[in-house]
1. Relative to the Cα centre, what is the charge dipole magnitude of the chain, using +1 at the beta carbon of each Lys and Arg, -1 at the beta carbon of each Asp and Glu, and rounding to the nearest 20 debye?
2. Would you mind checking which residues have amide H under 5 Å from Phe53's amide H? H placed 1.01 Å from N; only 5 or more apart, or other chain.
3. With θ set to phi - 60°, apply the Karplus curve 6.51 cos²θ - 1.76 cosθ + 1.60 along the stretch 56-71 and write out the HN-Hα couplings as whole Hz, x wherever there is a Gly or Pro.
4. Given the pairs Lys30/Lys54; Lys96/Lys122; Lys54/Lys112; Lys54/Lys122, which are separated by over 19 angstrom at their Cα positions?
5. Counting pairs of alpha carbon atoms under 8 Å apart in space and at least six apart in sequence, what relative contact order in percent does the chain give?
6. Once you have the Cα-Cα distance between Gln58 and Leu74, take 0.36 nm times their residue separation minus that, and quote the gain in nm to one decimal.
7. Test of understanding: given the chain, find the longest segment containing no chymotrypsin sites (Phe, Trp or Tyr not before Pro) that are in a DSSP loop and have at most 15 other Cβ atoms within 10 Å.
8. Would you compute the Debye intensity of the chain from its alpha-carbon atoms alone, equal scatterers and no solvent, and pass along log10 I(q)/I(0) at q = 0.10, 0.12, 0.15, 0.19 Å⁻¹ to two decimals?
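Computed from the coordinates by the stated procedures, all read-outs in this text should not be read as laboratory data. Source: prediction; values computed, not measured. We place every Cβ from the backbone using ideal geometry, glycine too, and count neighbours over all the protein chains shown.
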Amino acid sequence: MKKLIVIITLFISQWGWAEDPISTGYFSNKALSGYDTVAYFTQQKAIEGRANFKTEYQGADWYFASQQHLEMFLAEPEKYAPQYGGYCAWAVSASKSFASSDPEQWAIVDGKLYLNYNKSVKQKWDADRRLHINQADQNWPDMMPQ
């Protein structure tokens, strides 16, 4: 019965809860849906991580394709973690809202990783990246609980 109440509460009052600083799934604690955040920088592509190369950071589980990538992340997590906690960069910019992201819809701009909800949303974001980054940078602090 407790599980049913939790599930119902989750779907009915989700907007009343503060969002986590890192985007994860409803039924998973994986950041980036289990993709290796370091691989975007080192291999310029989205690569799924493996469970044997995993760490916890900011309340989420981060997966990596190799021990080397795990160690790189541990040394500089803020360098490799996506902006806006991995939530959709366009949603943070355009509507000051939390939307999940697709790890296949990404970009690195000025050494920072940005993710978007889907291909069409990423195209909107790509049309004026600088504007959206500036807007999202202004919106993000207000979206996080103090």
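1. Values: 14 positive and 16 negative charges, 75 e Å.
My answer is approximately 360 debye.
2. Phe64
3. Here the 3J(HN,Hα) series is 10, 8, 6, x, 10, 9, 10, 10, 9, 7, 8, 5, 4, 5, 4, 5 Hz.
4. Values: Lys30/Lys54 10 Å; Lys96/Lys122 16 Å; Lys54/Lys112 21 Å; Lys54/Lys122 28 Å.
Check vs 19 Å cut-off fails for Lys54/Lys112; Lys54/Lys122.
5. Working: 237 pairs, mean separation 28.5, N = 146.
20 percent.
6. Stretched out fully, the Gln58 to Leu74 stretch lengthens by 4.5 nm.
7. Numbers: sites that count: Trp17, Tyr26, Phe27.
That gives 28-146 as the longest site-free run.
8. For the chain at q = 0.10, 0.12, 0.15, 0.19 Å⁻¹, log10 I(q)/I(0) is -0.35, -0.50, -0.76, -1.14.
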